[in-house]
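Take a look at the structure below.
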Protein chains: 2
Amino acid sequence: MSNPVQLTIVGSIGIDTVETPLDKRVDILGGSASFACIAASYFTQTGMVGVVGTDFPEKYRSCYIDAGIDIEGLQVEEGQTFRWSGVYEQNMDVRRTLSTELNVFEHFSPEMPAAYINSPYLLLGNISPELQLHVLNQIADPQFVMADTMDLWINISRPKLVELIERVTMLTINESEARKLTEEHSLVKAAREIMRMGPQYVLIKKGEHGSMLFSGEHICLLPAFPLGDVVDPTGAGDTFAGALMGALAAGGKADEAGLRQAMIYGTVVASFGVQDFSVDRLLALTKEEIESRATLYRSMLC
Amino acid sequence: MSNPVQLTIVGSIGIDTVETPLDKRVDILGGSASFACIAASYFTQTGMVGVVGTDFPEKYRSCYIDAGIDIEGLQVEEGQTFRWSGVYEQNMDVRRTLSTELNVFEHFSPEMPAAYINSPYLLLGNISPELQLHVLNQIADPQFVMADTMDLWINISRPKLVELIERVTMLTINESEARKLTEEHSLVKAAREIMRMGPQYVLIKKGEHGSMLFSGEHICLLPAFPLGDVVDPTGAGDTFAGALMGALAAGGKADEAGLRQAMIYGTVVASFGVQDFSVDRLLALTKEEIESRATLYRSMLC
């Protein structure tokens with residue numbers, strides 16, 4: 001018997017093709033659940049909820065198992081796995097999506113394994129708010145629910161997104177999406193507006209410029225870890241969210257101080273993740289490397 | 001007799017016309033020396049080096065005097081004061097210069113007043129490196145020299161800029177300029193390359209995303225103060241530099257810990273500065289407001 005699942009993560013699982021100014025990789029493992037679960041696996045027993053097609057390579061499935069992730073919630077459906085391809089331009093500052101094929105993801109409607117139902121922590125990765133609500137409804141009594149979203153859902157599914165936001169402990173959203181959701185240019189005002197919609201915490205991701213945690217009237221600012229080189233930024237936000245929730249579950253204190261410590265781990269693990277394509281650097285990580293960089297990062301916050 | 005000048009600041013003094021998405025102001029006080037000196041005046045006895053034309057309004061001259069700035073180094077030359085006009089677009093993210101008239105600034109070749117020659121702190125605001133060197137050569141034995149620069153000088157005056165950089169304690173430069181100067185995309189590599197050129201410290205300004213202080217192998221990261229609304233970002237970098245150098249001079253400890261404290265004041269005073277046009281908010285500041293926001297800001301760095 002495996003350990004009880006502390007953190008349930010739902011998200012996409014994809015086969016990506018990624019082109020950067022320096023390199024190109026075809027058919028690599030991607031998807032928000034892949035990045036988030038592997039990142040979280042360094043901290044806590046993580047259960048993955050997602051769907052792949054019958055074409056999903058065994059070697060990628062092994063990545064999850066080797067990382068110690070509970071994949072009872074990973075469904076295999078007849079057909080092709082979700083596929084995404086994109087290109088990074090102008091020194092990685094601009095990402096352009098070349099193609100998206102939903103494939104088996106289109107009709108995904110997951111049932112939670114019994115082992116996941118009592119998990120105290122839940123990360124609703126960036127998928128449709130309808131699907132996020134469907135998962136949330138199946139978790140018995142989550143202690144802390146974090147949801148990620150993106151501009152697509154603000155555009156095409158705002159009422160469901162609002163319904164979801166009402167019920168989460170923390171919404172994580174990037175700068176431009178926070179502005180779009182609230183029609184407030186100021187991030188401070190946007191975050192306060194989102195908190196009025198329900199969440200106790202709002203975490204605004206600023207990519208290579210760090211993150212901001214809003215909690216009532218208090219704001220906590222975290223700069224990003226400065227990297228010499230970024231190889232592939234794909235999945236950085238998902239990695240950040242996964243490590244954050246994993247560290248939060250491991251720390252056992254879902255208060256503001258616990259969140260700040262968890263954000264430090266999110267920042268650090270995400271900084272490793274972008275140093276190689278796909279989940280390659282994440283899979284090769286050790287706890288010692290994470291702790292060592294966390295110590296270095298804390299010294300930079302001096 | 002006034003107090004001995006602790007901090008000498010040289011820079012431009014201009015009459016600006018600034019247009020933002022919400023408002024437009026004509027013939028307002030601007031220039032790097034104006035912002036930097038007024039910001040520094042809250043911390044230390046500051047001497048201004050600059051030039052204006054005979055058209056320079058008496059009310060603007062009074063701003064300096066009322067702020068307690070020593071203006072013995074402020075020359076008045078026959079002709080028109082330097083003029084700049086610009087427009088901020090796309091929610092303040094893009095600045096476009098509409099016109100620049102050098103006027104009396106074109107042949108400016110300042111002589112230091114005797115009271116400035118022994119000032120221990122020197123801020124060489126963003127003017128030509130030739131002029132920065134001309135001022136540096138007249139200060140007897142400065143303890144800490146900070147220089148600001150911009151892409152223009154990297155383009156048209158690189159050899160003189162390199163000569164200057166060799167001789168300063170700290171270079172402050174923005175992200176894109178650091179990349180341009182060193183041809184390194186990574187800010188970490190760029191900063192290390194600049195340190196190899198001479199300065200003990202490199203301070204990279206990231207505008208609304210904060211700043212990074214490099215000192216040997218150590219990096220100190222400071223996020224920007226999050227503001228509800230920005231009215232006019234003109235002069236924010238100069239305000240940051242002026243308050244930083246003022247606080248450094250007042251603290252009397254020009255080491256890394258002292259610099260970090262000074263950067264906090266730089267960040268805070270700059271955050272006030274952008275809340276109104278020109279130097280209006282800076283002139284209305286009190287020490288209590290600065291300390292109160294510095295305390296709030298430190299709590300955000302939690």
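FYI, it's all coordinate maths here, none of it is from the lab. Note that the structure is predicted; figures quoted are calculated from it, not measured. In this analysis, Cβ positions are derived from the backbone assuming ideal geometry, glycine residues included, and neighbour counts consider all displayed protein chains.
For this structure, a couple of remarks:
- Inter-probe distance in nm under a simple model that places probes 7 Å from Cα toward Cβ, at A:GLN90 and A:GLU291: 4.2 nm
- Among B:THR149, B:THR54, B:THR172, residue whose mean-square fluctuation peaks in a GNM of chain B (springs only between Cα atoms under 10 Å): B:THR54
- Inter-probe distance in nm under a simple model that places probes 7 Å from Cα toward Cβ, at A:LYS59 and B:ALA140: 7.2 nm
- By the beta-carbon count within 10 Å of each Cβ, the least crowded to most crowded order of A:GLU183, B:GLU130, fewest first, is A:GLU183, B:GLU130.
- Simple Cβ-charge dipole of region B:7-300, Lys/Arg +1 and Asp/Glu -1, about Cα centre, in debye nearest 20: 740 debye
- Ranked list, fewest to most other Cβ atoms within 10 Å of each Cβ, for A:LEU285, B:LEU301, B:LEU244: B:LEU301, A:LEU285, B:LEU244
- Among A:PRO233, A:PRO223, A:PRO21: highest mean-square fluctuation, GNM of chain A, C-alpha pairs under 10 Å: A:PRO21
- Structure remark: mean-square fluctuation, Gaussian network model of chain B, C-alpha springs under 10 Å; the largest value among B:ALA36, B:ALA191, B:ALA115 belongs to B:ALA115.
- Distances in nm from B:GLY228 to the matching label points in the other copies, shortest first (labels 7 Å along Cα to Cβ): 4.5
- Loop-located GluC sites (Glu not before Pro) in region A:18-107 (DSSP state not H, G, I, E or B) with no more than 15 neighbouring Cβ atoms inside 10 Å: A:GLU78.
- Two-site FRET efficiency, B:HIS185 against A:ASP151, from Cβ-Cβ distance with R₀ of 25 Å, rounded to 0.05: 0.40
- Remark: for residue pairs A:LYS180/B:LYS205; A:LYS287/B:LYS189; A:LYS206/B:LYS206; A:LYS180/A:LYS205, the C-alpha separation exceeds 20 Å in A:LYS180/B:LYS205; A:LYS287/B:LYS189.
- Magnitude of the charge dipole, the protein assembly as shown, Cβ model with Lys/Arg +1 and Asp/Glu -1, debye to 20: 780 debye
- Couplings for region A:172-184, taken from phi via the Karplus curve 6.51 cos²θ - 1.76 cosθ + 1.60 with θ = phi - 60°, read 10, 7, 8, 3, 5, 5, 4, 5, 5, 4, 9, 6, 10 Hz in order; Gly and Pro are left as x.
- Estimated dipole of region B:193-302 in Debye, rounded to 20 [Cβ of Lys and Arg +1, of Asp and Glu -1, Cα centre]: 260 debye
- Of the residues A:THR172, A:MET48, A:ILE69, the one whose Cα sits farthest towards the positive end of the charge dipole of chain A is A:THR172 (charges of +1 on Lys and Arg Cβ, -1 on Asp and Glu Cβ, taken about the Cα centre).
- Taking the axis that rotates chain B onto chain A, the chain B residue nearest to it by Cβ, with the distance rounded to whole Å, is B:HIS209, 2.
- As a rough footprinting exposure proxy, the listed residues B:CYS63, B:CYS37 were ranked by other beta carbons within 10 Å of their own, and the order from fewest upward is B:CYS63, B:CYS37.
- Estimated 222 nm signal from helices in chain A, with DSSP H stretches of n ≥ 4 weighted -39500 (n - 2.57), rounded to 500: -11000 deg cm²/dmol
- Calculated label separations, B:LYS253, copies of the chain, 7 Å along the beta-carbon direction, nm: 2.8
- Loop-located GluC sites (Glu not before Pro) across region B:216-302 with a Cβ neighbour count of 11 or fewer within 10 Å are B:GLU217, with loop assigned by DSSP.
- Its relative contact order, with pairs defined as Cα atoms under 8 Å and 6+ residues apart, puts chain B at 18 percent.
- Inter-copy label distances at A:GLN143 (7 Å, Cα→Cβ; nm, one decimal): 5.2
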